[in-house]
1. Determine whether S63 is farther than 23 Å from S147 by Cβ, under 15 Å from the mean Cα position of the chain (by Cα) and hydroxyl-bearing (S, T, Y).
2. Give just the number: which of (1) touching a strand residue (DSSP E or B) at 6+ places or on another chain (Cβ under 7 Å); (2) part of a loop (DSSP other than H, G, I, E, B) does V182 not satisfy?
3. Quick one: is R168 among the basic types (K, R), modelled with pLDDT under 90 and not assigned by TED's automatic domain parsing to the domain that holds L47?
4. Could you count how many residues in region 129-139 are more than 29 Å from the chain's Cα centre (by Cα) and under 15 Å from V254 (Cα atoms)?
5. Can you tell me which condition A266 does not meet? The list is (1) touching a Pro at 6+ places or on another chain (Cβ under 8 Å); (2) small (G, A, S); (3) under 15 Å from G144 (Cβ atoms), and all the others hold.
6. Given the criterion more than 15 Å from F72 (Cβ to Cβ), crowded, with 22+ Cβ neighbours inside 10 Å and at pLDDT below 85, identify the matching residue among D265, D259, D359, D350.
7. May I ask you to list the residues in region 101-135 that are part of a loop (DSSP other than H, G, I, E, B), surrounded by fewer than 19 Cβ atoms within 10 Å (Cβ to Cβ) and either at pLDDT 95 or above or outside the structural domain of G11 (by TED's automatic domain parsing) (or both)?
Amino acid sequence: MQADVLVVGGGPAGLATAIAARLQNLRVTLTDFGKPPIDKPCGEGLLPEAVSALSRLGIELDSNLGFPLAGFRFSDQESSVNATIPKRRAFGLRRTLLQQLLIDRASELGVSFLWGAKISGLCVDGARVNDDFLPCKWIVGADGQHSSVRRLAGLGARQYRDSRFGFRRHYAIAPWSDLVEVHWGRKLQMVVTPTSAREICVSLFSSDSRVRLGRAFEQFPEVAARLGGAEPVSEEAGAVTSFGRAARVARGNVALVGDAGCAVDAVAGQGLSLAFRQSLALAKALAREDLAFYESEHSEIIRTPVRMTKLLRLMNANSTLRRKVLRFFAARPERFAEMISVHTGRSSGDVLNSARIVDLGWRVLWA
(Lines give C-alpha, C1' and ligand atoms only; values in the text may rest on other atoms or scores of the structure.)
Protein backbone atom coordinates (compact mmCIF):
# COMPACT_ATOMS: atom_id res chain seq x y z
CA MET A 1 0.00 0.00 0.00
CA GLN A 2 1.27 3.47 -0.84
CA ALA A 3 2.23 5.59 2.14
CA ASP A 4 1.45 9.27 2.50
CA VAL A 5 4.69 9.73 4.44
CA LEU A 6 7.94 7.79 4.37
CA VAL A 7 10.05 8.54 7.44
CA VAL A 8 13.73 7.62 7.10
CA GLY A 9 15.27 7.14 10.54
CA GLY A 10 14.00 5.15 13.51
CA GLY A 11 15.42 7.26 16.34
CA PRO A 12 13.30 9.53 18.54
CA ALA A 13 12.98 12.23 15.85
CA GLY A 14 11.73 9.79 13.23
CA LEU A 15 9.42 7.93 15.57
CA ALA A 16 7.94 11.18 16.91
CA THR A 17 7.34 12.39 13.33
CA ALA A 18 5.67 9.10 12.42
CA ILE A 19 3.39 9.35 15.46
CA ALA A 20 2.55 12.99 14.79
CA ALA A 21 1.76 12.25 11.14
CA ARG A 22 -0.57 9.39 12.12
CA LEU A 23 -2.34 11.75 14.51
CA GLN A 24 -2.99 13.87 11.39
CA ASN A 25 -4.55 10.77 9.75
CA LEU A 26 -1.66 10.30 7.32
CA ARG A 27 -0.49 6.81 6.35
CA VAL A 28 3.10 6.35 7.52
CA THR A 29 5.93 3.93 6.82
CA LEU A 30 9.14 4.23 8.83
CA THR A 31 12.43 2.73 7.72
CA ASP A 32 15.82 2.44 9.37
CA PHE A 33 19.01 0.58 8.52
CA GLY A 34 19.28 -0.58 12.13
CA LYS A 35 16.98 -2.72 14.22
CA PRO A 36 15.61 -2.09 17.74
CA PRO A 37 16.80 -1.63 20.36
CA ILE A 38 18.63 1.37 18.87
CA ASP A 39 20.71 3.23 21.44
CA LYS A 40 22.68 6.46 21.15
CA PRO A 41 25.00 8.00 23.73
CA CYS A 42 23.30 11.08 25.18
CA GLY A 43 22.75 12.83 28.49
CA GLU A 44 19.30 11.21 28.85
CA GLY A 45 17.54 14.26 30.24
CA LEU A 46 14.19 15.43 28.88
CA LEU A 47 13.47 19.11 29.39
CA PRO A 48 9.90 20.34 29.96
CA GLU A 49 9.26 21.14 26.30
CA ALA A 50 10.20 17.56 25.38
CA VAL A 51 7.88 16.20 28.09
CA SER A 52 5.05 18.45 26.88
CA ALA A 53 5.58 17.39 23.26
CA LEU A 54 5.58 13.72 24.23
CA SER A 55 2.26 14.28 25.98
CA ARG A 56 0.82 15.74 22.76
CA LEU A 57 2.06 12.59 21.01
CA GLY A 58 0.20 10.44 23.56
CA ILE A 59 3.12 9.45 25.80
CA GLU A 60 2.82 10.48 29.45
CA LEU A 61 5.94 10.33 31.58
CA ASP A 62 5.85 9.90 35.34
CA SER A 63 8.09 8.83 38.20
CA ASN A 64 7.49 5.16 37.35
CA LEU A 65 9.20 5.65 33.99
CA GLY A 66 11.80 8.32 34.67
CA PHE A 67 13.43 10.29 37.45
CA PRO A 68 11.79 13.71 38.07
CA LEU A 69 14.34 16.50 37.65
CA ALA A 70 13.94 19.68 39.69
CA GLY A 71 16.48 21.95 38.04
CA PHE A 72 20.14 22.57 37.21
CA ARG A 73 23.42 23.15 38.98
CA PHE A 74 26.40 24.76 37.21
CA SER A 75 29.79 24.63 38.92
CA ASP A 76 33.54 24.83 38.45
CA GLN A 77 36.43 24.80 40.93
CA GLU A 78 35.54 28.29 42.22
CA SER A 79 31.79 28.82 41.96
CA SER A 80 28.50 26.94 42.10
CA VAL A 81 24.91 27.99 41.51
CA ASN A 82 21.54 26.19 41.43
CA ALA A 83 18.18 27.00 39.87
CA THR A 84 14.90 25.14 39.70
CA ILE A 85 12.81 24.60 36.60
CA PRO A 86 9.84 26.93 37.19
CA LYS A 87 6.49 25.16 37.34
CA ARG A 88 7.50 22.59 34.77
CA ARG A 89 8.20 18.88 34.54
CA ALA A 90 11.46 17.32 33.42
CA PHE A 91 12.70 13.74 33.60
CA GLY A 92 15.82 11.68 33.26
CA LEU A 93 15.38 8.24 31.69
CA ARG A 94 17.31 5.72 29.64
CA ARG A 95 17.41 6.35 25.90
CA THR A 96 16.44 2.72 25.21
CA LEU A 97 13.32 3.10 27.34
CA LEU A 98 12.34 6.27 25.50
CA GLN A 99 12.90 4.47 22.19
CA GLN A 100 10.60 1.61 23.21
CA LEU A 101 7.87 3.98 24.43
CA LEU A 102 7.91 5.69 21.03
CA ILE A 103 7.91 2.39 19.11
CA ASP A 104 4.97 1.11 21.16
CA ARG A 105 2.98 4.29 20.54
CA ALA A 106 3.75 4.27 16.81
CA SER A 107 2.71 0.62 16.57
CA GLU A 108 -0.50 1.36 18.43
CA LEU A 109 -1.37 4.05 15.87
CA GLY A 110 -0.67 1.80 12.88
CA VAL A 111 2.74 2.97 11.64
CA SER A 112 4.36 0.41 9.30
CA PHE A 113 8.00 -0.46 9.98
CA LEU A 114 10.82 -1.51 7.67
CA TRP A 115 13.76 -2.27 9.96
CA GLY A 116 17.14 -3.20 8.49
CA ALA A 117 16.34 -1.32 5.27
CA LYS A 118 18.54 1.18 3.43
CA ILE A 119 17.35 4.08 1.30
CA SER A 120 19.25 4.53 -1.96
CA GLY A 121 17.29 7.08 -4.02
CA LEU A 122 14.50 9.65 -3.98
CA CYS A 123 11.98 10.85 -6.56
CA VAL A 124 8.81 12.90 -6.69
CA ASP A 125 6.53 9.92 -6.10
CA GLY A 126 8.56 7.70 -3.81
CA ALA A 127 11.94 6.31 -2.84
CA ARG A 128 14.13 3.30 -3.43
CA VAL A 129 14.48 1.20 -0.29
CA ASN A 130 16.54 -2.00 -0.38
CA ASP A 131 16.51 -1.70 -4.20
CA ASP A 132 12.70 -1.80 -4.22
CA PHE A 133 10.54 1.18 -5.12
CA LEU A 134 8.33 2.42 -2.29
CA PRO A 135 5.63 4.88 -3.46
CA CYS A 136 4.88 7.80 -1.13
CA LYS A 137 3.85 11.43 -1.27
CA TRP A 138 6.23 12.89 1.32
CA ILE A 139 9.71 11.89 2.46
CA VAL A 140 11.08 12.86 5.86
CA GLY A 141 14.78 12.68 6.64
CA ALA A 142 15.17 11.88 10.34
CA ASP A 143 18.44 10.06 9.79
CA GLY A 144 20.80 12.13 11.90
CA GLN A 145 23.86 14.30 11.43
CA HIS A 146 25.11 12.44 8.35
CA SER A 147 21.69 12.29 6.71
CA SER A 148 21.46 10.34 3.46
CA VAL A 149 18.11 11.99 2.75
CA ARG A 150 19.66 15.46 3.03
CA ARG A 151 22.36 14.46 0.55
CA LEU A 152 20.03 12.71 -1.89
CA ALA A 153 17.55 15.62 -1.83
CA GLY A 154 20.24 18.18 -2.56
CA LEU A 155 19.45 20.16 0.57
CA GLY A 156 23.10 21.10 0.97
CA ALA A 157 25.86 19.99 3.28
CA ARG A 158 25.26 20.91 6.86
CA GLN A 159 27.05 24.09 7.89
CA TYR A 160 29.21 22.89 10.76
CA ARG A 161 30.66 25.27 13.30
CA ASP A 162 32.74 22.46 14.77
CA SER A 163 32.32 19.11 16.46
CA ARG A 164 33.19 17.63 19.82
CA PHE A 165 33.15 14.17 21.36
CA GLY A 166 30.66 12.91 23.91
CA PHE A 167 30.98 9.85 26.15
CA ARG A 168 28.38 8.32 28.46
CA ARG A 169 28.20 5.65 31.15
CA HIS A 170 25.61 4.60 33.76
CA TYR A 171 26.37 3.83 37.39
CA ALA A 172 24.33 1.87 39.93
CA ILE A 173 23.94 4.44 42.69
CA ALA A 174 21.03 6.38 44.14
CA PRO A 175 21.09 9.98 42.85
CA TRP A 176 22.51 12.39 45.44
CA SER A 177 20.49 15.25 43.94
CA ASP A 178 17.38 15.84 41.84
CA LEU A 179 19.31 18.40 39.77
CA VAL A 180 21.10 17.99 36.45
CA GLU A 181 24.67 18.88 37.37
CA VAL A 182 26.93 20.54 34.80
CA HIS A 183 30.55 20.58 36.00
CA TRP A 184 33.07 22.69 34.07
CA GLY A 185 36.73 21.72 33.82
CA ARG A 186 39.61 22.63 31.51
CA LYS A 187 37.83 22.47 28.13
CA LEU A 188 35.71 19.62 29.47
CA GLN A 189 32.16 19.39 30.76
CA MET A 190 30.82 16.55 32.87
CA VAL A 191 27.06 16.24 33.17
CA VAL A 192 25.37 14.10 35.84
CA THR A 193 21.73 13.16 35.20
CA PRO A 194 19.66 10.86 37.44
CA THR A 195 17.86 8.29 35.29
CA SER A 196 16.11 6.26 38.00
CA ALA A 197 15.94 5.98 41.79
CA ARG A 198 18.94 3.64 41.64
CA GLU A 199 20.95 4.90 38.68
CA ILE A 200 22.71 7.96 37.28
CA CYS A 201 24.10 8.80 33.85
CA VAL A 202 27.50 10.51 33.64
CA SER A 203 28.30 12.24 30.34
CA LEU A 204 31.54 13.88 29.26
CA PHE A 205 32.08 16.41 26.45
CA SER A 206 35.50 17.23 25.05
CA SER A 207 37.23 18.40 21.88
CA ASP A 208 39.85 15.69 22.50
CA SER A 209 38.77 12.28 21.21
CA ARG A 210 41.35 10.58 23.43
CA VAL A 211 39.77 11.68 26.72
CA ARG A 212 37.71 9.07 28.56
CA LEU A 213 35.67 9.21 31.75
CA GLY A 214 38.31 7.50 33.88
CA ARG A 215 40.92 10.10 32.99
CA ALA A 216 38.46 13.00 33.15
CA PHE A 217 37.44 12.29 36.75
CA GLU A 218 40.78 13.82 37.77
CA GLN A 219 39.30 17.21 36.87
CA PHE A 220 36.03 16.51 38.69
CA PRO A 221 36.96 15.23 42.18
CA GLU A 222 33.53 16.08 43.60
CA VAL A 223 31.78 13.74 41.16
CA ALA A 224 34.45 11.05 41.65
CA ALA A 225 33.99 11.23 45.43
CA ARG A 226 30.20 11.00 45.10
CA LEU A 227 30.48 7.94 42.90
CA GLY A 228 32.91 6.23 45.26
CA GLY A 229 32.97 2.57 44.30
CA ALA A 230 29.68 2.63 42.39
CA GLU A 231 29.45 -0.16 39.85
CA PRO A 232 29.18 0.77 36.15
CA VAL A 233 26.06 -0.81 34.65
CA SER A 234 26.73 0.06 31.02
CA GLU A 235 29.70 0.19 28.71
CA GLU A 236 31.30 3.56 28.08
CA ALA A 237 29.82 4.67 24.76
CA GLY A 238 30.83 7.62 22.63
CA ALA A 239 29.55 9.71 19.75
CA VAL A 240 30.35 12.93 17.93
CA THR A 241 28.29 15.94 18.97
CA SER A 242 28.20 18.94 16.66
CA PHE A 243 26.62 22.33 16.22
CA GLY A 244 25.33 23.21 12.77
CA ARG A 245 22.38 23.27 10.43
CA ALA A 246 21.45 22.43 6.87
CA ALA A 247 21.14 25.19 4.30
CA ARG A 248 17.43 24.31 4.04
CA VAL A 249 15.09 21.90 5.83
CA ALA A 250 12.58 21.40 3.00
CA ARG A 251 12.60 21.07 -0.75
CA GLY A 252 9.99 19.63 -3.07
CA ASN A 253 8.43 16.67 -1.26
CA VAL A 254 11.31 16.25 1.24
CA ALA A 255 11.72 17.66 4.75
CA LEU A 256 14.36 17.23 7.45
CA VAL A 257 13.71 16.81 11.16
CA GLY A 258 15.99 16.49 14.18
CA ASP A 259 19.76 16.42 13.76
CA ALA A 260 19.42 15.96 9.99
CA GLY A 261 18.32 19.59 9.76
CA CYS A 262 19.84 21.25 12.82
CA ALA A 263 21.97 19.91 15.65
CA VAL A 264 22.88 21.75 18.82
CA ASP A 265 25.82 20.68 20.96
CA ALA A 266 24.68 17.99 23.40
CA VAL A 267 25.80 19.99 26.43
CA ALA A 268 22.74 22.20 25.85
CA GLY A 269 20.43 19.22 26.44
CA GLN A 270 17.98 20.50 23.83
CA GLY A 271 18.26 17.88 21.08
CA LEU A 272 15.17 15.85 21.93
CA SER A 273 13.07 18.91 22.74
CA LEU A 274 13.85 20.32 19.31
CA ALA A 275 13.17 17.03 17.53
CA PHE A 276 9.78 16.50 19.19
CA ARG A 277 8.61 20.07 18.59
CA GLN A 278 9.75 19.89 14.97
CA SER A 279 7.88 16.61 14.49
CA LEU A 280 4.60 18.17 15.57
CA ALA A 281 5.13 21.20 13.31
CA LEU A 282 6.13 19.03 10.36
CA ALA A 283 3.10 16.75 10.70
CA LYS A 284 0.83 19.80 10.66
CA ALA A 285 2.62 21.08 7.55
CA LEU A 286 2.26 17.73 5.79
CA ALA A 287 -1.45 17.64 6.55
CA ARG A 288 -1.74 21.15 5.08
CA GLU A 289 0.54 20.19 2.16
CA ASP A 290 2.58 23.28 2.97
CA LEU A 291 6.27 22.73 3.71
CA ALA A 292 6.83 26.51 3.70
CA PHE A 293 4.87 26.50 6.96
CA TYR A 294 7.32 23.96 8.38
CA GLU A 295 10.35 25.98 7.29
CA SER A 296 8.97 29.01 9.11
CA GLU A 297 8.11 27.02 12.24
CA HIS A 298 11.50 25.31 12.21
CA SER A 299 13.30 28.67 12.24
CA GLU A 300 11.31 29.79 15.26
CA ILE A 301 11.78 26.49 17.11
CA ILE A 302 15.58 26.54 16.86
CA ARG A 303 16.10 30.27 17.49
CA THR A 304 16.43 30.28 21.30
CA PRO A 305 18.23 26.91 21.67
CA VAL A 306 20.85 27.98 19.10
CA ARG A 307 21.59 31.15 21.05
CA MET A 308 21.74 29.25 24.32
CA THR A 309 24.12 26.73 22.78
CA LYS A 310 26.39 29.55 21.61
CA LEU A 311 26.56 30.88 25.18
CA LEU A 312 27.40 27.46 26.65
CA ARG A 313 30.03 26.75 24.00
CA LEU A 314 31.61 30.14 24.56
CA MET A 315 31.90 29.30 28.26
CA ASN A 316 33.72 26.12 27.30
CA ALA A 317 36.11 27.77 24.86
CA ASN A 318 37.14 30.68 27.08
CA SER A 319 38.07 29.73 30.66
CA THR A 320 38.40 33.36 31.77
CA LEU A 321 34.91 34.14 30.51
CA ARG A 322 33.52 30.96 32.05
CA ARG A 323 34.88 31.82 35.50
CA LYS A 324 33.43 35.32 35.15
CA VAL A 325 30.03 33.96 34.09
CA LEU A 326 29.84 31.47 36.96
CA ARG A 327 30.99 34.06 39.52
CA PHE A 328 28.33 36.42 38.16
CA PHE A 329 25.62 33.78 38.50
CA ALA A 330 26.80 32.71 41.98
CA ALA A 331 26.61 36.35 43.13
CA ARG A 332 23.28 36.91 41.38
CA PRO A 333 21.40 33.59 41.48
CA GLU A 334 18.26 35.32 40.25
CA ARG A 335 20.03 35.84 36.91
CA PHE A 336 20.91 32.16 36.71
CA ALA A 337 17.28 31.34 37.47
CA GLU A 338 16.32 33.66 34.60
CA MET A 339 18.65 31.81 32.23
CA ILE A 340 17.24 28.44 33.27
CA SER A 341 13.73 29.81 32.79
CA VAL A 342 14.66 30.84 29.24
CA HIS A 343 16.40 27.52 28.61
CA THR A 344 13.30 25.56 29.62
CA GLY A 345 10.67 28.08 28.45
CA ARG A 346 7.66 27.51 26.27
CA SER A 347 7.90 27.76 22.48
CA SER A 348 5.48 30.70 22.40
CA GLY A 349 8.19 32.85 23.97
CA ASP A 350 10.97 32.04 21.50
CA VAL A 351 11.41 35.57 20.14
CA LEU A 352 11.17 37.12 23.61
CA ASN A 353 13.48 34.48 25.07
CA SER A 354 16.10 35.09 22.38
CA ALA A 355 16.12 38.79 23.26
CA ARG A 356 16.44 37.91 26.94
CA ILE A 357 19.47 35.73 26.21
CA VAL A 358 21.19 38.57 24.34
CA ASP A 359 20.38 40.99 27.17
CA LEU A 360 21.58 38.53 29.80
CA GLY A 361 24.81 37.94 27.87
CA TRP A 362 25.59 41.65 27.85
CA ARG A 363 24.85 41.91 31.57
CA VAL A 364 27.35 39.11 32.26
CA LEU A 365 30.08 40.55 30.00
CA TRP A 366 29.81 44.01 31.53
CA ALA A 367 29.46 42.87 35.15
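1. no
2. Only one criterion is unmet by V182, namely (2).
3. So R168 does not fit the description; no.
4. Going through region 129-139 one residue at a time, the tally reaches 2.
5. (1)
6. Just one listed residue meets the conditions, D265.
7. G110, G116
The rows are residues; the columns are (1) closer than 19 Å to F91 by Cβ; (2) in the same structural domain as L282 (by TED's automatic domain parsing); (3) assigned to a helix (DSSP H, G or I).
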position: A13; (1), (2), (3): yes, yes, yes
position: A20; (1), (2), (3): no, yes, yes
position: P36; (1), (2), (3): no, yes, no
position: G43; (1), (2), (3): yes, yes, no
position: V51; (1), (2), (3): yes, yes, yes
position: L54; (1), (2), (3): yes, yes, yes
position: L61; (1), (2), (3): yes, yes, no
position: N64; (1), (2), (3): yes, yes, no
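The values are calculated or read from the model by the stated rules, or taken from the named source; none is laboratory data. Not measured: the values here are computed from a predicted model. Note: ideal-geometry Cβ built from the backbone for every residue, glycine included; neighbour counts use all protein chains shown.
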